[in-house]
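Take a look at the structure below.
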Amino acid sequence: MKKTGAYLTVYALEQIGVQHTFGIPGTHTTELYDELNNSGQITPVLVTHEGGGAFMADAVSRTSGQIGTLTIVPAAGATHAMSGIGEAYLDGIPMLVISGGTRRDSGKHYQLHQLDLGRLMDGIVKKYYLIEKHEDIVPTIYEAYRLACSGEPGPVFVEVPVELLLFQGELEELPAYQGSIPVPQPDEREVQAAVDLLLEAKHPGMYVGWGAVDACPTTIKLAEKLVAPVATTLQGKSAFPADHPLHVGVGYGPTGLPVAQEVFKDCDCLLAVGCRFAEIATGSYGMEVPENLIHIDINPEVFHKNYPAKIAIEGDAKVTLRAIAAELERRDWQAKRDLQKLSAKIAEGKHQYRSSWEEKPQDELVSPGLFFRSLRSQLPEDAYLVVDDGKHTFLAAELFDVYQPRHFISPTDFNCMGYCVPAAIGTKLSNPDKTVAAIVGDGAFLMTGMEMITAASYGLGIAVFVFHDGELGQISQFQQIPLNRKTATVLGDLKVEGVAMATGTEFIALENDHQIEERVSQALQLASEGKPVIVDVRIDYSKRTRLTKGVVKTNLSRFPLREKVRFIGRAIKRQILG
């Protein structure tokens, strides 16, 4: 049989279950998009910028069983998409990138978009494939899919030269996709050794990341059996339900809630699952980890990097935690802590902290505590919340409760501004029957806010709350605390309503605390009717999050004495003299 490379590419994507692709058609992908238009399964989504398309693909992978897929042109399409590809790479998110390629059969040089894509992508993808003949297209895409989803997931890049997409090639058959993703199994001896450590501990604790997001039922079972408080990473915020009595929030070090620090103070054995002890998750490595650290991860490269593990177990979180739970059940053992007493302490501590954000309503600005209380109460339990990179991220981490796995997503280790709006679109496309709310700072909104036209074009009802303070809030506070000045962090006069008008979306102004209930309700109602809506939230950022306080304190404590004196002296001088 004879088939074009474009046909074969779409066939392979259909076989692995792709339902949406994201990108902008160009010279090298015209035939590919024509075949996508013929597909009864795949909808090619036109984006305003390939970076936004990559964030959409990332969100598809985070919130559904599909793999997020890009279809882009080489050179500019690839470089524009690199921020989203890099986010997926550092956050461990599967992604499939299909790029057209310049002609390899013409013998000509300096072609339009001619660039060495393999060299360009080295360092931000798990593997780059250059397809050289028609019969390799389908099996290569299958292999790329398996690789993207295996081990620690990540993006894989496939370049298909344009002559293959354009022209027909002879094939003997069209292979169907067969096979499953391999799941690493833990070593039984290591599991038994981990259980030995846990049973010896008086005050065990658990620390879970995104790698454990699909192991939630077993994590709950283990936490209750061990009577262990559970903290999460920022990315893994949804890996443990916030309404569980053993949940203490994001982190437990200087950036964690006071009650988290208190109940982890005497932790003598930490079971850490699906996390890398990265900078953001640990508050600039300010968390103290006990000598008896049991570290479970699917990627053995993460072990002993920042904190040495007593026991390191390579394995899938679900499988490994089930093995540990089963081994615990076989032991004749009782926890040394009282579940009710510990739960009561956690509940009281969380209530006290939340109350400190919910003081007298303001007439001029919107208080974060009152906003998040209203948003959480009005959203269904299974709503998705998408955030960006910025001060609002850490407010959401502290003040917004998440009850179901994968229902909170954020850019984390790559930490790319501009993630939120396109990621909310990808989330809604993958979960059309669920409520999707998004919170983005005004600085990040300026980067990709025009993707709201994509939401409007495809009739996607998402509610985007723009936390508008006129600054790059998190960095301006990091500048203000020690330097008493703000350099290049004050934004121009953004007219959020103008963006709504330009993109054909609904607009709501939320200017003070007295409007919160009504305006949030109005936004969610419009979104439920399939109308994308932008809410201009005049947020009050004057109160500092635990992360801001903790990171500044942690980093300052590490300075050499002479530099510490210099920094503190300069800060005092500038505060006094203005």
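Figures for the structure shown
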item: Subset of the range 82-99 (residues that are of a type in the set (S, T, N, Q), touching a strand residue (DSSP E or B) at 6+ places or on another chain (Cβ under 8 Å) and part of a helix (DSSP H, G or I)); result: none
item: Failed condition for Gly17, given (1) closer than 21 Å to Gly154 by Cα; (2) part of a loop (DSSP other than H, G, I, E, B); (3) touching a Pro at 6+ places or on another chain (Cβ under 8 Å); result: (3)
item: Test: residue in the range 290-306 that is at negative phi, assigned to a loop (DSSP other than H, G, I, E, B) and touching a Leu at 6+ places or on another chain (Cβ under 9 Å); result: yes
item: Residue within the range 225-240 that is under 19 Å from the mean Cα position of the chain (by Cα) and surrounded by fewer than 21 Cβ atoms within 10 Å (Cβ to Cβ) present; result: no
item: Residue in the range 109-125 that is in the same structural domain as Ala75 (by TED's automatic domain parsing), basic (Lys, Arg) and in a loop (DSSP other than H, G, I, E, B) present; result: no
item: Filtered residues of the range 434-469 (kept if of a type outside the set (S, T, N, Q), closer than 11 Å to Tyr384 by Cβ and surrounded by fewer than 24 Cβ atoms within 10 Å (Cβ to Cβ)); result: Lys434
item: Qualifying residue in the range 155-166 (condition: surrounded by fewer than 19 Cβ atoms within 10 Å (Cβ to Cβ) and assigned to a loop (DSSP other than H, G, I, E, B)); result: no
item: Criterion: modelled with pLDDT of 95 or more, within 10 Å of the chain's Cα centre (by Cα) and aromatic (Phe, Trp, Tyr) - qualifying residue of Phe408, Phe400, Phe372; result: Phe408
item: Matching residues in the range 470-505 - criterion: being surrounded by fewer than 17 Cβ atoms within 10 Å (Cβ to Cβ), modelled with pLDDT of 95 or more and in a loop (DSSP other than H, G, I, E, B); result: Lys495, Gly504
item: Boolean, Thr79 is outside any helix (DSSP H, G or I) and either under 23 Å from Trp210 (Cα atoms) or of a type in the set (Val, Ile, Thr) (or both); result: no
item: Counted residues, the range 345-360 - those being in contact (Cβ under 8 Å) with a residue 60 or more places away in the chain and loosely packed, with under 13 Cβ neighbours inside 10 Å; result: 2
item: Filter result for Val156 (among the hydrophobic types (A, V, I, L, M, F, W, C) and either at positive phi or in contact with a strand residue (DSSP E or B) (Cβ under 9 Å, 6 or more places away or on another chain) (or both)); result: yes
item: Residue match in the range 82-96 (condition: more than 17 Å from Pro153 (Cβ to Cβ), buried (at least 19 other Cβ atoms within 10 Å of the Cβ) and touching a Phe, Trp or Tyr at 6+ places or on another chain (Cβ under 9 Å)); result: yes
item: Restricting the range 412-437 to residues that are out of contact with any Leu (no Cβ under 9 Å at 6 or more places or on another chain) and among the hydroxyl-bearing types (Ser, Thr, Tyr), the residue that is nearest to Ala455 (Cα to Cα); result: Thr427
item: Qualifying position, being at pLDDT 95 or above, more than 30 Å from Asp433 (Cβ to Cβ), in the same structural domain as Ser476 (by TED's automatic domain parsing) and in contact with a strand residue (DSSP E or B) (Cβ under 8 Å, 6 or more places away or on another chain), among Leu379, Leu365; result: Leu365
item: Considering residues of the range 175-198 that are of a type in the set (A, V, I, L, M, F, W, C) and at pLDDT 95 or above only, the residue nearest to Val97 (Cα to Cα); result: Val191
item: Lone unmet requirement of (1) crowded, with 24+ Cβ neighbours inside 10 Å; (2) out of contact with any Phe, Trp or Tyr (no Cβ under 9 Å at 6 or more places or on another chain) for Gly52; result: (2)
item: Residues satisfying the stated conditions in the range 265-310, i.e. touching a strand residue (DSSP E or B) at 6+ places or on another chain (Cβ under 9 Å), within 22 Å of Arg546 (Cα to Cα) and of a type in the set (Val, Ile, Thr); result: Val289
item: Gln19, sole failed condition from (1) crowded, with 19+ Cβ neighbours inside 10 Å; (2) at pLDDT 95 or above; result: (1)
item: Residues (buried (at least 21 other Cβ atoms within 10 Å of the Cβ) and closer than 30 Å to Ala281 by Cβ) located in the range 508-554; result: Val520, Val535, Val537, Ile539, Tyr541, Thr545, Arg546, Leu547, Gly550, Val551
item: Odd one out for Leu32 among (1) surrounded by 20 or more Cβ atoms within 10 Å (Cβ to Cβ); (2) under 22 Å from the mean Cα position of the chain (by Cα); result: (2)
item: Filter pass, Lys573 being assigned to a loop (DSSP other than H, G, I, E, B) and more than 30 Å from Pro258 (Cα to Cα); result: no
item: Qualifying residue in the range 130-151 (condition: part of a strand (DSSP E or B), surrounded by fewer than 19 Cβ atoms within 10 Å (Cβ to Cβ), assigned by TED's automatic domain parsing to the domain that holds Thr27 and of a type outside the set (Asp, Glu)); result: yes
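The values are calculated or read from the model by the stated rules, or taken from the named source; none is laboratory data. Source: prediction; values computed, not measured. Positions of Cβ are backbone-derived with ideal geometry, glycine not excepted, and every protein chain shown enters the neighbour counts.
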